[in-house]
1. Filter region 341-380 for residues that are touching a residue at least 12 places away in the same chain (Cβ under 8 Å) and among the acidic types (Asp, Glu) and give the result.
2. Kindly check whether there is at least one residue in region 149-170 that is in contact with a strand residue (DSSP E or B) (Cβ under 9 Å, 6 or more places away or on another chain), of a type in the set (S, T, N, Q) and within 30 Å of Glu193 (Cβ to Cβ).
3. Could you please let me know if Gly152 is outside any strand (DSSP E or B) and among the small types (Gly, Ala, Ser)?
4. Which residue is farthest from His357 (Cα to Cα), if the candidates are limited to region 172-231 and must be of a type in the set (Ser, Thr, Tyr) and assigned to a loop (DSSP other than H, G, I, E, B)?
5. Working only within region 365-376, note down all residues that are of a type outside the set (D, E, K, R) and at pLDDT 95 or above.
6. With Phe199, Phe248 as the choices, which residue is within 30 Å of Ile325 (Cβ to Cβ) and either surrounded by 18 or more Cβ atoms within 10 Å (Cβ to Cβ) or over 23 Å from the mean Cα position of the chain (by Cα) (or both)?
7. Tell me, yes or no, whether region 123-137 has at least one residue that is of a type outside the set (A, V, I, L, M, F, W, C), crowded, with 24+ Cβ neighbours inside 10 Å and either within 16 Å of Ser16 (Cβ to Cβ) or not assigned by TED's automatic domain parsing to the domain that holds Leu195 (or both).
8. Which condition number does Phe208 fail, the rest of (1) farther than 21 Å from Phe261 by Cβ; (2) touching a helix residue (DSSP H, G or I) at 6+ places or on another chain (Cβ under 7 Å); (3) of a type outside the set (S, T, N, Q) being met?
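The values are calculated or read from the model by the stated rules, or taken from the named source; none is laboratory data. Everything numeric here is computed off the predicted structure, so don't read it as measured data. Please note: Cβ atoms are built from the backbone with ideal geometry, for glycine as well, and neighbour counts cover all protein chains shown.
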Amino acid sequence: MKGKFRRIHMVGIAGSGMRGLAEVLISMGYEVSGSDTGPASGLVALESAGAKVMGEHVPENVKGSDVVVVSSAIVGSNPELAAAKKLGIPVVQRAEMLAELMRMKFGVSVMGSHGKTTTTSMIASVLTAGGLDPTVIVGGKVAALGKSGRVGGGDIMVAEADESDGSFNRLSPAISVLTNVDREHLDYHGTVEALRDGFLEFLERAPFYGLAALCVDCAHVREISKRLFKRFVTYGENPDADLRLEGFAGRGFEAEFDVFFKREKLGRAALPVPGKHNAVNSLAAVAVGMEMGLSFDDIKRGLKQFGGIERRMQLRDEVRGIKFIDDYGHHPEEIRVTFDSVSEAFALQPVVVFQPHRFTRTHLLFDGFVEVLSKISKLYVLDVFSAGEEPIKGATSEEVVKRVKAAGGLGAVYAPCEKDLVNKLKEDLSAGDIVLTLGAGNVWRCAEALADELR
């Protein structure tokens, strides 16, 4: 972007998909303003980075802007969008702005229902270790960066592709990673088959020199690999994968595993994060690193230096011998994988505090939530984090707990708010316990409140 486009206003600037984009635009010298009604901490961080931020959506916020960028979470009736249209200010989706930045770079995009943020960050860590200094935009705060986006000196950009509303089709990366396909964002796509076909269509548009890295542990991705007529490499635990994981060993926040390409053992790699699913995610970083000509030693170093992501199996606190681990997982499969990974890593089942995210998701995936939550012996369910949605009959936390108990999860407890949770849980914890908070809303605040109560 050149010429008169210097001031950019971002509606929903503190959202997971917008923060990193804002930080990169600021680093590139653009004047960035934005509005968000979310937690003040997110706005303070952006303000410190150089953005002018407002905690409410009002028409006056867009005045003087050259372009308005809107996140997929913002509804069309937002007063700032109406004001921008009235003033003749161009309004673009986040993906369109991201596509404009990626157009000037060698793009690497990561898409899939689960694991995008972690995988994107692992790829960035590997490319950085190899001296390629990429520009990075992710949907979570990268521990090593202290933020969600950075401008690198190299010609590579690594970013997440958002499939929630189909806007990822605006991107034109040279390398694409597909982690998995699951029943997510069906309010837009309708069916998981339609979502799968959308990914396939995206991958088919790759340039002749491009590459797709596909995790064939997922049946839907295997189906895509059979129908994709572009250059690709497969990865996973699947014995037919090109890049394969074997010999996984994990303890606490450490993991080791062997990496094979075809029939050749490349070596043993280590990660400072728990869970076999994270080891599988790291194979995508191996694939991208190999495609960019990096040695396995560089790739191993990048994986070992990976510092993790905020709210992705993050140890937030430890008080009186009780660990508080927090994760963004809010889909039944994410809950299952995270719970199993923590249980295996610490040889102990954690106490789970789950906050459902959005009434629409709770409604669409209700049976899946019941199935996975009923297998957790100690479970506390907070009220649904609505994200601005209106309640849907039957898609409430009370109903979730009722159904979980009926399915055999007799330890499920309904704790509607933070105060209820602290009062119910503080007397039941002892040294050696693990509290695992799960959800895309503000469930992490409960962990903080509980830890403070126990100090």
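1. Of the residues in region 341-380, the ones touching a residue at least 12 places away in the same chain (Cβ under 8 Å) are 341-342, 344-346, 348-366, 368-380.
Answer for region 341-380, where residues must be touching a residue at least 12 places away in the same chain (Cβ under 8 Å) and among the acidic types (Asp, Glu): Glu344, Glu371.
2. yes
3. Working: outside any strand (DSSP E or B): yes; among the small types (Gly, Ala, Ser): yes.
So Gly152 passes the test.
4. Taking region 172-231 as the starting set, the residues that turn out to be of a type in the set (Ser, Thr, Tyr) are 172, 176, 179, 188, 191, 209, 225.
Okay, now just the ones that are also assigned to a loop (DSSP other than H, G, I, E, B), so 172, 179, 191, 209.
Numbers: Ser172: 31, Thr179: 22, Thr191: 20, Tyr209: 40 Å.
Checking each candidate, the answer is Tyr209.
5. Restricting attention to region 365-376, the residues satisfying the condition of being of a type outside the set (D, E, K, R) are 365-366, 368-370, 372-374, 376.
Within region 365-376, Phe366, Gly368, Phe369, Val370, Val372, Leu373, Ser374, Ile376 meet the criteria.
6. On the way: Phe199 fails: within 30 Å of Ile325 (Cβ to Cβ).
Only one candidate passes the filter, namely Phe248.
7. So far as region 123-137 goes, no, none of its residues is of a type outside the set (A, V, I, L, M, F, W, C), crowded, with 24+ Cβ neighbours inside 10 Å and either within 16 Å of Ser16 (Cβ to Cβ) or not assigned by TED's automatic domain parsing to the domain that holds Leu195 (or both).
8. Phe208 satisfies every listed condition except (2).
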